[in-house]
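Q: Please read through the structure below; I'll follow up with questions.
The values are calculated or read from the model by the stated rules, or taken from the named source; none is laboratory data. Here the structure is a predicted model, which is why all the values come from computation and not from measurement. Every residue, glycine as well, gets a Cβ built from its backbone with ideal geometry; the counts of neighbours run over all protein chains shown.
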Amino acid sequence: MTSSDTATAAPSRRWLILVIVGLAQLMVVLDNTVVNIALPDAQLDLGFDNGDRQWIITAYSLAFGSLLLLGGRIGDLIGRKRTFIIGLIGFAVASALGGAADNFGLLVAARALQGAFGALLAPTALAVLTTTFTIPKERARAFGVFGAIAGAGGAVGLLLGGFLTEQFSWRWALYINVGIAAVAVVGAVLFVTNLHRSGERPKLDVPGTILVSAALFSIVYGFSNAETDGWDSPLSWGFIAASVVLLVAFVLWQRRAAHPLLPLSILTDRNRAAAYSAVLIAGAGMFGIFLFVTYYVQGTLGFSPMQAGLAFLPMIGALVLAAQLGTNIFVPRFGPKIMVPVGLSIMALGMVLFTRVGTDSTYAADLLLPFIVLGLGMGSTMPAAMQTATLGVDRQYAGVASAMVNTSQQVGGSIGVALLNTLAATAFTDYLADHTASASVAAEAAVHSYATAYWWSAAFFAFGAVLTAFLFRRRSQGLNLSHTPVEGAEPVLAH
């Protein structure tokens, strides 16, 4: 059966694969935030110190961020269906271990294991989607859904974490993954199909894997450490400097490796470079904003964890609407060169609107509009960027190209949270120093610090809009999103 044959066969199977892949992506993305809201209850139950609390988050981020490219390449080497199922089962087992943890050490180990299997699962899920949908209209719809999940997953995690913690226990914020993974495993066994290999089996670039994994670990750890220990920490700067050296060594090695882990042609294509940049910058702003808006609605407005999660629902609705309109109507008509910068500009506007909130603000009058605007911007940016980042890649590198999307988002998130936390903390301290101490001044200082983070996020998004407007090629020069991928790109999996 030829690629064109498979592209027209079994459309119902392709949409079932989208559901399965969407479940896997949601599980991985929401785990970045679902545990955040459950963390205070877990700390009270297990009795660990405030200083140790960050390791529940950091352990996941370190394993996930540092192993993503390896995870994507493993999918290319041993088959995506097999890798996808292994990732799902491993993530479920790690989640069950974390939910049953009776001490701090076991919980941290389970979170690290979650991150490792998440690094196997996330890029493989995107690669399966990339290779399943090659018909232009179907591809646009599928990436609209997938991009919406990628953008909204953090907010869904806040909602789900609040509900499970309030109604059941913090442990269910982890146990819930077991049920999601079980459904996805059954679906993967039944509907996801492996491509038959032809020619010589590709080999793993071991030196490249070690270099890039160490580099990604160093950059995520360096910025995470700066978030907790401050920017004057030698440890933070030591790891950040090491990451730069390791990344340079990785690039130099990739230029001469016989079987490169990440062929540099994937990154040197201007459209893909623009797409990865957009995902990184969006991640830098989004992860921080979920954090600060959650602090604000709970600490200043007095929302419960469940109410804090519900506050994000209008943003999710706007995101899903924009993702579907964008990928089905606007991206085919205008291309990513227009849609991605416009989406990032709308996100910048949403951040500016958030700076207007104060200690006496109300949700309907002051928060609803910024949430909707931010959702519209995210829904316009993420699907277009993700679709472009994986379009036309040679079949044997689809997994590692997909992994670069997740790597960009994860590294962007780590950098963004560290930078925004530092800037907000400095603004908080400066505000207190300039005012007479009181309870009301402390509340105003907190809101001022959040506004500082929002302004910087707006600056991130505005910079991303300008950068991607210059980087993306014009439609006549770039990858054509309205045509089938070039020969050598992956055919569809469904038969």
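Q: Looking at region 254-272, which of the residues that are under 10 Å from Gly208 (Cβ atoms) and within 23 Å of the chain's Cα centre (by Cα) is surrounded by the most Cβ atoms within 10 Å (Cβ to Cβ)? Break it down stepwise before answering.
A: So the first thing to find is which residues in region 254-272 are under 10 Å from Gly208 (Cβ atoms), and the list is 254, 257, 259-262.
With the extra rule that they be within 23 Å of the chain's Cα centre (by Cα), the set shrinks to 261-262.
On the way: Leu261: 26, Leu262: 24.
Step by step, filter region 254-272, then rank; the result is Leu261.
Q: Cβ-Cβ below 7 Å, separation at least six or inter-chain, first residue in region 35-47 and within 19 Å of Ser61 (Cβ to Cβ) and free of Cβ contacts under 8 Å to residues at least 12 places away in the same chain, second charged (D, E, K, R) and surrounded by fewer than 21 Cβ atoms within 10 Å (Cβ to Cβ): which pairs?
A: Qualifying pairs under 7 Å: Gln43/Arg53.
Q: Specify the residue that is farthest from Gly343 (Cα to Cα); the eligible residues are those in region 286-302 that are touching a residue at least 60 places away in the same chain (Cβ under 8 Å) and surrounded by fewer than 18 Cβ atoms within 10 Å (Cβ to Cβ).
A: Step one: filter region 286-302 for residues touching a residue at least 60 places away in the same chain (Cβ under 8 Å), giving 286-297, 299-301.
Pick out the ones that are also surrounded by fewer than 18 Cβ atoms within 10 Å (Cβ to Cβ) and you get 295, 299.
Details: Tyr295: 25, Gly299: 30 Å.
The residue in question is Gly299.
Q: If you take the residues of region 119-170 that are under 16 Å from Ile20 (Cα atoms) and among the hydroxyl-bearing types (Ser, Thr, Tyr), which of them is modelled with the highest pLDDT?
A: It comes out as Thr124.
Conditions tested, residue by residue: (1) farther than 19 Å from Asn406 by Cβ; (2) at pLDDT below 80; (3) outside the structural domain of Ala142 (by TED's automatic domain parsing).
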position: Leu18; (1), (2), (3): no, no, no
position: Leu39; (1), (2), (3): yes, yes, no
position: Ala42; (1), (2), (3): yes, no, no
position: Phe48; (1), (2), (3): yes, yes, no
position: Leu97; (1), (2), (3): yes, no, no
position: Gly105; (1), (2), (3): yes, no, no
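Q: Okay, next question. Out of curiosity, is Ile210 outside the structural domain of Met386 (by TED's automatic domain parsing), surrounded by 17 or more Cβ atoms within 10 Å (Cβ to Cβ) and not small (Gly, Ala, Ser)?
A: Values: outside the structural domain of Met386 (by TED's automatic domain parsing): yes; surrounded by 17 or more Cβ atoms within 10 Å (Cβ to Cβ): no; not small (Gly, Ala, Ser): yes.
When the stated conditions are applied, Ile210 does not pass them.
Q: If you don't mind, there's one more thing I want to ask. With the checklist (1) touching a helix residue (DSSP H, G or I) at 6+ places or on another chain (Cβ under 6 Å); (2) in contact (Cβ under 8 Å) with a residue 40 or more places away in the chain in hand, flag the one item Gly335 doesn't pass.
A: (1)
Q: Turning to a different aspect of this structure: If you go through region 165-184 one residue at a time, how many are surrounded by 18 or more Cβ atoms within 10 Å (Cβ to Cβ) and more than 19 Å from Arg111 (Cβ to Cβ)?
A: Residues in region 165-184 being surrounded by 18 or more Cβ atoms within 10 Å (Cβ to Cβ) and more than 19 Å from Arg111 (Cβ to Cβ): 1 in total.
Q: Another one. When you scan region 237-253, how many residues do you find that are under 19 Å from Thr58 (Cα atoms) and within 23 Å of the chain's Cα centre (by Cα)?
A: 3
Q: Among the residues of region 394-412, is there at least one that is at pLDDT 85 or above and under 20 Å from Ile149 (Cα atoms)?
A: No: zero hits.
Q: Can you run down the residue pairs with Cβ atoms below 7 Å, 6 or more apart or on separate chains, where the first is in region 118-137 and within 26 Å of Asp31 (Cα to Cα) and the partner is of a type in the set (Ser, Thr, Tyr) and crowded, with 24+ Cβ neighbours inside 10 Å?
A: Leu120/Thr83; Pro123/Ser402; Thr124/Thr83; Leu126/Thr390; Leu126/Ser402; Ala127/Ser402; Thr130/Thr390; Thr130/Ser402
Q: Here is a list of conditions, (1) more than 15 Å from Ile37 (Cβ to Cβ); (2) polar (S, T, N, Q); (3) at pLDDT below 85, and Thr294 meets all of them except one; can you say which number that is?
A: Against the list (1) more than 15 Å from Ile37 (Cβ to Cβ); (2) polar (S, T, N, Q); (3) at pLDDT below 85, Thr294 comes up short only on (1).
Q: Moving on. For region 189-232, which residues satisfy the criterion of being at pLDDT 85 or above and either assigned to a loop (DSSP other than H, G, I, E, B) or under 20 Å from Gly79 (Cα atoms) (or both)?
A: Passing the criteria: only Val189.
Q: Assess whether Arg270 counts as being among the charged types (D, E, K, R) and either at pLDDT 85 or above or in contact with a Cys (Cβ under 6 Å, 6 or more places away or on another chain) (or both).
A: Details: among the charged types (D, E, K, R): yes; either at pLDDT 85 or above or in contact with a Cys (Cβ under 6 Å, 6 or more places away or on another chain) (or both): yes.
Spelling it out, Arg270 is indeed among the charged types (D, E, K, R) and either at pLDDT 85 or above or in contact with a Cys (Cβ under 6 Å, 6 or more places away or on another chain) (or both).
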